[in-house]
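Take a look at the structure set out below.
The values are calculated or read from the model by the stated rules, or taken from the named source; none is laboratory data. Here the structure is a predicted model, which means the values were calculated and not measured. Here the Cβ positions follow ideal geometry from the backbone for every residue, glycine too, while neighbour counts run over all protein chains shown. These area figures cover heavy atoms from the full protein model, side chains too; ligands, DNA and RNA do not enter into them. Shrake-Rupley method; radii C 1.70, N 1.55, O 1.52, S 1.80 Å.
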Amino acid sequence: MRNVYQFVNHMNNPFKFGSVVSDDYFTDRHEEYLKLRQIIASENHVIMMAPRRFGKTSLINKVVNSIDRPVIWLDLQLMTGVADFASQLLKQLFKKYPFEKLKFLISNFRFVPVLQIDPVSNNVEISFQTKVESFVQLEDVFNLIEKLGEDRTKPIVVLDEFQELLGLDKSLDKKLRSVIQFHKNVNYVLMGSVESLMRQIFENKKSPFYHFGQIFSLNKIDLTDFRDFLDSRFISITEEHAGISEAILEFSKCHPYYTQQLAFHVWMKIEREGTTENVVKNSISDIILMHDNDFDRIWSNFNNTDKKILIGIAFSDSKLLTDEFKSKNNLNASSTVFSGLKRLQEKGVLLKTEVYEFDDPFFREWIIKKRNVN
Ligand SMILES: Nc1ncnc2c1ncn2[C@@H]1O[C@H](COP(=O)(O)OP(=O)(O)OP(=O)(O)O)[C@@H](O)[C@H]1O
Ligand SMILES: [Mg+2]
């Protein structure tokens with residue numbers, strides 16, 4: 001079907017995946033945006049949970065950018081220890097607040113941080129060459145943020161992948177909570193993608209962070225909104241826009257990242273090849289081929305039970321835990337299936353909605369293809 005419009009070569013691909021999206025690349029989330037904005041603008045803490053690549057960062061970014069207060073942002077996944085957490089947090093403060101002011105407040109620290117300023121970029125490098133216990137350093141930095149909030153608007157502190165806290169130090173949740181529970185001038189946004197760990201931190205009555213703030217779970221993007229988003233872009237490149245948008249979403253099941261990835265590829269293919277024939281199907285095959293090595297590696301790391309469960313779900317749309325499923329897949333005990341499902345969910349391979357489904361629809365398709373070929 002050569003129905004591609006003449007001017008197609010002059011247009012930019014309107015889809016984007018892999019990094020934070022905003023403006024024209026960002027769709028829907030209107031209700032979520034308003035709700036979150038209201039919570040943060042009224043200076044309440046937020047705990048946001050969603051699986052990987054659901055759009056947490058993009059949404060929080062949009063919300064905090066609409067509020068005129070200093071934002072300090074740190075991803076705990078990249079921290080190597082408590083002292084590193086403290087120094088990276090302090091480094092972020094130097095990006096937001098005047099040097100002289102910080103220098104003055106730092107003089108109250110119980111240790112002396114070493115600051116190095118790059119005269120060209122004005123970037124500040126910080127190291128803590130001291131024998132003071134690393135938690136004391138972290139405590140001083142958090143208390144500094146509280147101090148900064150005293151005479152200006154309340155800073156918003158966003159800690160991404162917050163569940164990683166437990167990996168930095170076993171009792172860091174308790175210690176950190178004991179410091180920040182006295183803070184009145186800081187607004188915390190704590191995000192995480194490992195739902196089971198996040199729930200353990202924030203919903204377990206015995207946890208120091210129990211009921212620390214408003215819990216907010218982010219879902220996939222609404223089908224109608226996502227369809228409109230895709231359609232309003234594909235309309236400028238092909239008459240087949242409606243069918244193409246529908247087929248993309250049927251495959252991606254409205255997952256924000258994978259939908260954008262497929263839409264990006266479909267657009268590129270239409271542009272390059274000038275045809276829409278089988279374009280969604282062929283794009284899916286292209287993407288699977290591109291990731292063949294990664295999928296191979298991921299697959300070889302699963303144990304046998306996990307492999308059986310994944311194959312079962314890939315083919316049967318998760319009619320799980322039924323006797324038929326178990327006997328067909330040689331899974332004998334329910335508890336084995338149950339712990340396998342839990343493990344796969346924790347690893348982010350499966351998502352639990354009303355049913356269990358693959359997080360990555362391309363991985364699912366890869367399994368189906370491999371099983372059908374071999
Ligand atoms: N509102 C949105 N509209 C359109 N696409 C979106 C939206 N939110 C997220 N996406 C898509 O998902 C991708 C991942 O978004 P983002 O990095 O915000 O998610 P995340 O949940 O923070 O991911 P991670 O788990 O990797 O930190 C984006 O690059 C984009 O392709
Ligand atoms: Mg993120």
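Yes/no matrix, rows are residues, columns are (1) at pLDDT below 85; (2) open to solvent by 40 Å² or more (accessible area, probe 1.4 Å); (3) aromatic (F, W, Y):
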| position | (1), (2), (3) |
| --- | --- |
| G81 | no, no, no |
| S87 | no, no, no |
| L90 | no, no, no |
| L102 | no, no, no |
| R110 | no, yes, no |
| D118 | yes, yes, no |
| N122 | yes, yes, no |
| V141 | no, no, no |
| D151 | yes, yes, no |
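Table: residues versus (1) under 30 Å from F54 (Cα atoms); (2) in a helix (DSSP H, G or I).
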{"site": "L144", "(1), (2)": "no, yes"}
{"site": "G149", "(1), (2)": "no, yes"}
{"site": "K154", "(1), (2)": "yes, no"}
{"site": "V157", "(1), (2)": "yes, no"}
{"site": "L165", "(1), (2)": "yes, yes"}
{"site": "K174", "(1), (2)": "yes, yes"}
Residue within region 16-35 that is within 10 Å of ligand 1 (Cβ to nearest atom), of a type outside the set (D, E) and in contact with a Leu (Cβ under 7 Å, 6 or more places away or on another chain) present | yes
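Regarding region 172-191, can at least one residue be identified that is within 16 Å of ligand 2 (Cβ to nearest atom), modelled with pLDDT of 90 or more and open to solvent by 10 Å² or more (accessible area, probe 1.4 Å)?
Pass one, region 172-191, residues within 16 Å of ligand 2 (Cβ to nearest atom): 189-191.
Okay, now just the ones that are also modelled with pLDDT of 90 or more, so 189-191.
Next cut, open to solvent by 10 Å² or more (accessible area, probe 1.4 Å) only: none.
No - not one qualifying residue is present in region 172-191.
Could you please let me know if Q77 is without any contact (Cβ under 8 Å) to a residue 40 or more places away in the chain, open to solvent by 70 Å² or more (accessible area, probe 1.4 Å) and in the same structural domain as N65 (by TED's automatic domain parsing)? Give the steps one after another, and end with the answer.
Numbers: without any contact (Cβ under 8 Å) to a residue 40 or more places away in the chain: no; open to solvent by 70 Å² or more (accessible area, probe 1.4 Å): yes; in the same structural domain as N65 (by TED's automatic domain parsing): yes.
So Q77 does not fit the description; no.
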Considering only residues of region 17-60 that are surrounded by 18 or more Cβ atoms within 10 Å (Cβ to Cβ), in contact with a Phe, Trp or Tyr (Cβ under 6 Å, 6 or more places away or on another chain) and farther than 20 Å from Y188 by Cα, which is modelled with the highest pLDDT?
-> R53
Of the residues V136, V132, which is more than 28 Å from the chain's Cα centre (by Cα) and assigned to a loop (DSSP other than H, G, I, E, B)?
-> V132
Would you say D306 is within 20 Å of I248 (Cα to Cα), at pLDDT 90 or above and either in the same structural domain as S196 (by TED's automatic domain parsing) or surrounded by 15 or more Cβ atoms within 10 Å (Cβ to Cβ) (or both)?
-> no
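Where in region 12-120 are there strands (runs of 3 or more DSSP E), lying fully within it, with 2 or more residues that are of a type outside the set (A, V, I, L, M), within 16 Å of ligand 2 (Cβ to nearest atom) and within 20 Å of the chain's Cα centre (by Cα)? Quick ask: steps written out before the conclusion?
Details: elements: 46-49, 71-75, 114-117.
Because the criterion is at least 2 residues that are of a type outside the set (A, V, I, L, M), within 16 Å of ligand 2 (Cβ to nearest atom) and within 20 Å of the chain's Cα centre (by Cα), the strands (runs of 3 or more DSSP E) in region 12-120 that meet it are 71-75.
Step by step: first the residues of region 198-208, then only those that are touching a residue at least 40 places away in the same chain (Cβ under 8 Å) and open to solvent by less than 70 Å² (accessible area, probe 1.4 Å), then the one that is nearest to V46 (Cα to Cα). Which residue is that? Lay out the reasoning, then the answer.
Going residue by residue through region 198-208, those that are touching a residue at least 40 places away in the same chain (Cβ under 8 Å) are 198-199, 202.
If we keep only those that are open to solvent by less than 70 Å² (accessible area, probe 1.4 Å) too, we end up with 198, 202.
Values: M198: 12, F202: 11 Å.
By that ranking, first place goes to F202.
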When you scan region 157-181, how many residues do you find that are more than 14 Å from F142 (Cβ to Cβ) and polar (S, T, N, Q)?
-> 2
Which residues, taken from region 338-357, are of a type outside the set (A, V, I, L, M), under 17 Å from W299 (Cβ atoms) and part of a loop (DSSP other than H, G, I, E, B)?
-> K347, G348
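For region 209-234, give me each residue that is open to solvent by less than 80 Å² (accessible area, probe 1.4 Å), outside any helix (DSSP H, G or I) and within 20 Å of Y258 (Cα to Cα).
Residues of region 209-234 that are open to solvent by less than 80 Å² (accessible area, probe 1.4 Å), as a first pass: 209-210, 212-213, 215-218, 220-227, 229-234.
Adding the requirement that they be outside any helix (DSSP H, G or I) leaves 209-210, 212-213, 215-218, 220-222.
Listed by number, the residues that qualify are S217, L218, K220, I221, D222.
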